[in-house]
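S.K.: Below: one structure in structure tokens.
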Amino acid sequence: MKGISVDKKGLLAAVFLAVGTVLTGCLLYSVAARATQTAVTAAKRACPIYSVEREDGKIAVTFNAAWSGEDTTAILDILEKHSVKCTFFIVGDFARESPEAVRQIAARGHELANHSDTHKLFSKLSPEALDREIIGCAETLKKLVPEVSDLVRVPSGDYNDRVVERIRELGYYPIQWDVDSLDWKHPGAEQMMERVCQKSRSGSILLFHVGVEDTLAALDRILTGLEEKGLKPVKVSELIYREDYTLDISGRQHKITPKEE
């Protein structure tokens, strides 16, 4: 009888172990399934281009022009000193108030892009108002310069799936950034330089603003620092891939390599 009792205990232990293993497995599966679903859902979100996966050291220096254009010439002089061409995202209001600044940007060989007509938050707009913001800016720029790129940057980084999808439907590439200088917070030239140079890597898109005193004070040193890291600024249109690419959940663009036959 004693031997039979031991066998029953062993059998019960085995049963409990098996049940525990199944329950643990179900729990792990459930967690894994939820994680996979989260990743799939995130991947399906409409996302602008924040940066580009590339190994050649190319980056894009970009400026949002929505405020004063008084320092435009000084900024362009610094860019010329470093033989850098970049992309200026122009608000329609800025272009109408500072048309000569816009013409000078184009004349110096830089790229002009769309940053809305009146700098409204795109996610708050009706479909019709959203179209007016994008199309209105494009029409204003085309009256001033011979060439405008097919790039759009939403005001204040504000977008949702509907906004991104509509930008694409209108034939534009939505562009964000992965390195924010935070110049509008007036951090000081030294802090700006450290932040930008530390965070920048091959394929980065850098954000600055026209009409900000700290940007003008820090730009020369930032460009020198980027050069010392082996990074080469180009226009956004020269940085991004226009076909055969994917976007990961961080908005980083990856080139699709054709499979060898």
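What follows is calculated from the coordinates using simple rules that are stated; it is not laboratory data. Everything quoted here is computed from the prediction, not taken from an experiment. Cβ coordinates were reconstructed from backbone atoms using ideal geometry, including for glycine residues, and neighbour counts include every protein chain displayed.
S.K.: Given the pairs Lys185/Lys255; Lys85/Lys229; Lys124/Lys232; Lys58/Lys120; Lys142/Lys229; Lys142/Lys185, which span a C-alpha to C-alpha distance of over 28 angstrom in this model? Could the numbers behind the result be given before it?
M.R.: Working: Lys185/Lys255 35 Å; Lys85/Lys229 18 Å; Lys124/Lys232 37 Å; Lys58/Lys120 31 Å; Lys142/Lys229 37 Å; Lys142/Lys185 32 Å.
Flagged as over cut-off: Lys185/Lys255; Lys124/Lys232; Lys58/Lys120; Lys142/Lys229; Lys142/Lys185.
S.K.: Further question: Report the FRET efficiency, 1/(1 + (r/R0)^6), for Glu97 and Glu55, where r is their Cβ-Cβ distance and R0 is 35 Å, rounded to 0.05.
M.R.: Numbers: r = 41 Å, r/R0 = 1.18.
Calculated transfer efficiency: 0.25.
S.K.: What aspartates and glutamates could a cross-link reach from Lys199, if we take a straight Cα to Cα line under 13 Å and drop same-chain neighbours fewer than 8 places away?
M.R.: The qualifying aspartates and glutamates are Asp178, Asp180.
S.K.: Oh, and also: Sorting check: for 229-236, 139-146, 207-214, which peptide has the highest mean count of neighbouring beta carbons within 10 Å, and how do the rest follow? Please report the intermediate quantities before stating the final value.
M.R.: Working: 229-236: 18.2, 139-146: 15.0, 207-214: 21.4.
Ranked by mean Cβ neighbours within 10 Å, highest first: 207-214, 229-236, 139-146.
S.K.: Enumerate the calculated ³J(HN,Hα) couplings along the range 115-121 in order (Karplus 6.51 cos²θ - 1.76 cosθ + 1.60, θ = phi - 60°), each rounded to whole Hz, writing x wherever the residue is Gly or Pro.
M.R.: After applying 6.51 cos²θ - 1.76 cosθ + 1.60, I find 10, 5, 8, 9, 6, 8, 6 Hz.
S.K.: How many percent of Cα pairs in the range 51-255 exceed 24 Å? List each step's numbers first, then the result.
M.R.: Details: 7793 of 20910 pairs.
When all Cα pairs of the range 51-255 are counted, 37 percent exceed 24 Å.
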